[in-house]
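To start, the structure itself, in structure tokens.
Quick note: the coordinates plus some simple rules give every number you see, no bench work behind them. Small disclaimer: the values here were computed from a predicted structure and weren't measured. With ideal geometry, Cβ positions are generated from the backbone for all residues, glycine too; neighbour counts draw on all protein chains shown.
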Amino acid sequence: MNNEKLLSLLTLQLTHVKQLDKLLNDETQSLIDRDHELIASLAQSKQHLMKQLETFDVELSSYAEQIPQSESALALKGEINDQLAQCHTKNLENGKAIELSINSIERLQSSLIQKRSGNSMTYNAKGKTRSGSSSSGYISA
């Protein structure tokens, strides 16, 4: 692999990282809008991009030791690392928002179960609440 090929791969990798950044911005907006279908679609796209980035990493790492890196290659690597750090931060923020949403839904579900079952409430092995009045969902007379 020559320096031109290295620059080409790094440029392609930077393009993919920028796409990931845009995807994470879209994911943030879809979390705000509560667009669950779009969130699922974006998660699949994000996973696909991450696999592509991993492929580039493997190819680049196999040749990184063999060729001297020019200043332009080092500058591209720095820009890629900066973009990846931003993507990592955005992904953590989105993950926290998703986790908070799941916790809210679980609290709401618990409140509904408690309201429906009155005071006869039990807990399963994982500490989740469930109605204690019936084991199969049917109420016996």
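Electrostatic bookkeeping for L20 treats Lys and Arg as +1 and Asp and Glu as -1; over the other residues with beta carbon under 15 Å from its beta carbon, the sum is -3. Ranked for footprinting exposure by Cβ neighbours inside 10 Å, fewest first, I102, I80 give I102, I80. Bridging of K46 to aspartates and glutamates at a Cα separation below 19 Å is possible for D21, D26, E27, D33, D35, E37, E54, D57, D82, E93, E99, once same-chain residues fewer than 8 apart are set aside. Dimensions of the stretch 33-83 along the principal axes, based on C-alpha atoms and rounded to the nearest Å, stand at 48, 19, 9, largest first. Assuming R0 = 41 Å, what is the FRET efficiency of M50 and I113, from their Cβ-Cβ distance, to the nearest 0.05? About 0.65, to the nearest 0.05.
Of all lysines in the structure, the ones whose alpha carbon falls short of 26 Å from that of K126, not counting any fewer than 8 places away in one chain, are K96, K115.
Computed extension gain for E93 through S62, at 0.36 nm per residue and net of the alpha carbon distance, reaches 7.9 nm.
If you model the stretch 3-59 as an ellipsoid using its alpha carbon gyration tensor, with each semi-axis the square root of five times an eigenvalue, the axes come out at 28, 11, 5 Å, biggest first. Contact order, relative form, for the stretch 1-74: 52 percent (alpha carbon pairs under 8 Å, 6 or more residues apart, mean separation divided by residue count). Taking only the C-alpha atoms of the stretch 3-131, Rg followed by Dmax gives 21.9, 72 Å.
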